[in-house]
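The values are calculated or read from the model by the stated rules, or taken from the named source; none is laboratory data. A quick note: this is a predicted structure, and the numbers were derived from the prediction, not measured. For neighbour counting, all protein chains shown are included, and Cβ atoms are generated from backbone atoms with ideal geometry for every residue, glycine included.
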Amino acid sequence: MDISNKIIGLSISVALVVGTASAFAGGLSIGTQSGSGLGNAYSGGAAVAEDASTVWYNPAGMTTLPGRTNVAVAAHALKVSFKFQNTGSTLPLGAGDGGNGGGWHLIPQGYITHKLSNTFSIGAGFNTPFGLETTYDRGWRGQAIGFESALKIYNFNVGAAYKVNDMLSVGGGVNYQRAELKFNSTPLIGLVEPKLHDNGIGYNIGVLFQPTQQTRVGAHYRSSIKYNATGSLLAPALIGGNSTASAGLATPDSFSLSLLHAISPRWDVMGDITWTGWSHLKRLDVVRTSGVASGTSPVSLTFNWTDTWRFSAGANYKMNDQWKLRFGVALDQTPTNDVDRTARLPDQDRTWIAFGAQMKVSKNGLLDFGYAHEFIKNASVNNRDSVTGLRLIGDFKSQADILSIQYSHSF
């Protein structure tokens, strides 16, 4: 089987199980893009380059992988909890507080790399880098603000890397993404629900510098991808009825700087600083593109988000030739603010605590397990219903747990 067939086969198999892969992370980001990195809270992501997931974290790392072909397949089970506590809402009392707006989510990924020569490598990956899904109990007091919300972005990344010399590698890639957006609310006038989708293309570039055998430094940039999503709008006759619609949205760009250092034959330490450019996300206006009310915007979401920083640190301990233990912590800022935060995404700053283990199951096969808990600050909301002027006021208590497994193999 040649390398192109391997890439196509892996991409199809992952796509078949991706299902409803969307979940809550910092902003709209899904922070789990490999199983091996979870145990370190993804610290050192652009510098580690230990398996095929480097296609996503830094394509320059493809030149450092063992063998000619490397494959990594991962699955993550995320349990997210959003529980609203009313502190003064004027929306109908006795309507319930929505239950748990989160739930379980399955997020798979697959990556493959291949060395065409000692200096040139190619690779591909399929993952879900952005997503959101919140669903509250029917009839809850905030249903005029938000009932169901879902954003799913699927990414197919192809890349190449060139080894300049023993110390320096460079790499880049092209990303093709599919965005699907649906959200609804049930104000007094009836159900309002846009369903929109679009495809987009972006790029990522990276550099891996290894001044000594013990130290690696990685830098990686990923571009924003813009969408003009189109689809349908379900709406009551009072505000124009059903029609086609469109909305402009974009993913953020990001930049990571990472370090990996082996302080002894048994201990590695690592760190990462990642900036994410959320500040372009100010509003999302759903505009009618047909009917007598064409050109109007019956649905708008206000964000006014700001850029964020994520800081992480981790360590590996090599017990023996078969087992490696992983540890990590991270501080992850939210792009939201107390004025514009919405029940659709009650995001706040979070702290990650993570640990994991890697087992060598064969000469060329590695199995990784990881777990992380996210401690999330209480998120206050003060949202106004545009029809009645009544408000949803309260705090969301949130947390998240992540379980990951990954199998990696070199050929």
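Which of the residues spanning segment 360-384 are more than 29 Å from residue 29 (Cβ to Cβ) and not small (Gly, Ala, Ser)?
360, 361, 363, 364
In the list 180, 133, which residue meets the criterion of being acidic (Asp, Glu) and touching a Ser or Thr at 6+ places or on another chain (Cβ under 7 Å)? First the steps, then the outcome.
Numbers: 180 fails: touching a Ser or Thr at 6+ places or on another chain (Cβ under 7 Å).
Going through 180, 133 in turn, just one is acidic (Asp, Glu) and touching a Ser or Thr at 6+ places or on another chain (Cβ under 7 Å): 133.
Looking at residue 358, is it modelled with pLDDT of 95 or more, part of a strand (DSSP E or B), among the polar types (S, T, N, Q) and touching a Gly at 6+ places or on another chain (Cβ under 7 Å)?
Values: modelled with pLDDT of 95 or more: yes; part of a strand (DSSP E or B): yes; among the polar types (S, T, N, Q): yes; touching a Gly at 6+ places or on another chain (Cβ under 7 Å): no.
Answer is no for this residue.
From the list 85, 143, pick out the single residue that is polar (S, T, N, Q) and surrounded by 21 or more Cβ atoms within 10 Å (Cβ to Cβ).
Selected residue: 143, the only one of 85, 143 that is polar (S, T, N, Q) and surrounded by 21 or more Cβ atoms within 10 Å (Cβ to Cβ).
Is it the case that residue 224 is outside any strand (DSSP E or B), under 26 Å from the mean Cα position of the chain (by Cα) and under 25 Å from residue 331 (Cβ atoms)? Working first, answer last.
Details: outside any strand (DSSP E or B): yes; under 26 Å from the mean Cα position of the chain (by Cα): yes; under 25 Å from residue 331 (Cβ atoms): yes.
When the stated conditions are applied, residue 224 passes them.
Tell me which residues, restricted to segment 384-405, are in a strand (DSSP E or B) and of a type in the set (D, E, K, R).
Selection gives 384, 391, 395, 397, 401.
For residue 126, indicate whether it is out of contact with any Cys (no Cβ under 9 Å at 6 or more places or on another chain), crowded, with 22+ Cβ neighbours inside 10 Å, touching a residue at least 24 places away in the same chain (Cβ under 8 Å) and not in a loop (DSSP other than H, G, I, E, B). Please lay out each step first, then the result.
Values: out of contact with any Cys (no Cβ under 9 Å at 6 or more places or on another chain): yes; crowded, with 22+ Cβ neighbours inside 10 Å: yes; touching a residue at least 24 places away in the same chain (Cβ under 8 Å): yes; not in a loop (DSSP other than H, G, I, E, B): yes.
Criteria met by residue 126.
Which pairs have Cβ atoms under 8 Å, sit 6 or more apart or on different chains, and link a residue in segment 192-218 that is exposed (fewer than 14 other Cβ atoms within 10 Å of the Cβ) to one that is charged (D, E, K, R) and assigned to a strand (DSSP E or B)?
199/178
Would a scan of segment 131-138 turn up a residue that is among the polar types (S, T, N, Q) and surrounded by 17 or more Cβ atoms within 10 Å (Cβ to Cβ)?
yes
Restricting to strands (runs of 3 or more DSSP E) lying wholly in segment 232-344: which have 2 or more residues that are within 19 Å of the chain's Cα centre (by Cα) and surrounded by 15 or more Cβ atoms within 10 Å (Cβ to Cβ)?
Where strands (runs of 3 or more DSSP E) fall fully within segment 232-344 and carry at least 2 residues being within 19 Å of the chain's Cα centre (by Cα) and surrounded by 15 or more Cβ atoms within 10 Å (Cβ to Cβ), they are 243-250, 254-262, 267-276, 308-318, 323-332.
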